[in-house]
Ligand SMILES: CC(C)(COP(=O)(O)OP(=O)(O)OC[C@H]1O[C@@H](n2cnc3c(N)ncnc32)[C@H](O)[C@@H]1OP(=O)(O)O)[C@@H](O)C(=O)NCCC(=O)NCCS
């Protein structure tokens, strides 16, 4: 088992590794999974995914990273089930955009989504000293919206027809969580 960076009740979190590449490549191109993602509209291969993972794994930095991505999996299992990241971290405004993908559909609806959300919020507020974390989610992604609400995100507005999914434009919800909440 590689170095675990964070733990929650049922999950571990660590830096993405090259051995995650085959799973990420498959998951992000699975129509069920990529439907709700901003990525996954173009085909890509495992070498490209490995190069992306390589780019995430800079040596430890004192501060000022603008993207932090972690793979996560179920305690007692070595393989990852998804990835989650804080993106566009602003050193001035102390905010970041959060994203999550559970790439194994058989693991959806078991409460892992909210567990990841809570863990990443705790990390964002208490380790990275962020003030606000926000996300965008398809307005018809009920599973996600329920999970994010349960973790403490509040609905903040609608981005009308922001996403093109299977032939139609869909609204996206903006949700956010403040450390002070
Ligand atoms: C969105 C996602 C992260 C949510 O994680 P999850 O582990 O499935 O979510 P949870 O189990 O914590 O919560 C799911 C909620 O939806 C409900 N639910 C489960 N299946 C559902 C369905 N088919 N329709 C509507 N609600 C559903 C659950 O009952 C639960 O709500 P509750 O607490 O009110 O009972 C995960 O499903 C996923 O990665 N999906 C594919 C990619 C994706 O959508 N990424 C997010 C882009 S913003």
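Readers should treat all values here as calculations from the given coordinates under stated rules, not as data from a laboratory. Since the structure is predicted, the reported quantities are computational estimates derived from the model, not experimental observations. Cβ atoms come from the backbone with ideal geometry, glycine included; neighbour counts cover every protein chain shown.
Among the listed residues 153, 164, which satisfies the condition of being closer than 17 Å to residue 98 by Cα and out of contact with any helix residue (DSSP H, G or I) (no Cβ under 6 Å at 6 or more places or on another chain)?
Values: 164 fails: closer than 17 Å to residue 98 by Cα.
The conditions single out 153.
Does the stretch 18-35 include one or more residues that are farther than 24 Å from residue 141 by Cβ and touching a strand residue (DSSP E or B) at 6+ places or on another chain (Cβ under 6 Å)? Working first, answer last.
Residues of the stretch 18-35 that are farther than 24 Å from residue 141 by Cβ, as a first pass: 18-19, 21-22.
Keeping just the survivors that are touching a strand residue (DSSP E or B) at 6+ places or on another chain (Cβ under 6 Å) gives none.
Checking the stretch 18-35: not a single residue is farther than 24 Å from residue 141 by Cβ and touching a strand residue (DSSP E or B) at 6+ places or on another chain (Cβ under 6 Å).
Can you name every residue in the stretch 110-131 that is surrounded by 19 or more Cβ atoms within 10 Å (Cβ to Cβ) and out of contact with any helix residue (DSSP H, G or I) (no Cβ under 6 Å at 6 or more places or on another chain)?
112, 116, 119, 120, 121, 123, 124, 125
Within the stretch 153-171, can you find the residues that are buried (at least 16 other Cβ atoms within 10 Å of the Cβ) and farther than 21 Å from residue 42 by Cα?
Within the stretch 153-171, 153 is the sole residue that qualifies.
Out of all the residues in the stretch 106-131, which are within 17 Å of residue 91 (Cβ to Cβ) and either within 11 Å of the ligand (Cβ to nearest atom) or not in a helix (DSSP H, G or I) (or both)?
Listed by number, the residues that qualify are 127, 128, 129, 130, 131.
Just to be sure before I move on: is residue 147 surrounded by 14 or more Cβ atoms within 10 Å (Cβ to Cβ), under 18 Å from the mean Cα position of the chain (by Cα) and not in a strand (DSSP E or B) in the structure I sent? It would help to see each step written out before you state the result.
On the way: surrounded by 14 or more Cβ atoms within 10 Å (Cβ to Cβ): yes; under 18 Å from the mean Cα position of the chain (by Cα): yes; not in a strand (DSSP E or B): yes.
The answer is yes for residue 147.
Being farther than 21 Å from residue 32 by Cβ, surrounded by 19 or more Cβ atoms within 10 Å (Cβ to Cβ) and more than 8 Å from the ligand (Cβ to nearest atom): is that true of residue 134 here?
Values: farther than 21 Å from residue 32 by Cβ: yes; surrounded by 19 or more Cβ atoms within 10 Å (Cβ to Cβ): no; more than 8 Å from the ligand (Cβ to nearest atom): yes.
When the stated conditions are applied, residue 134 does not pass them.
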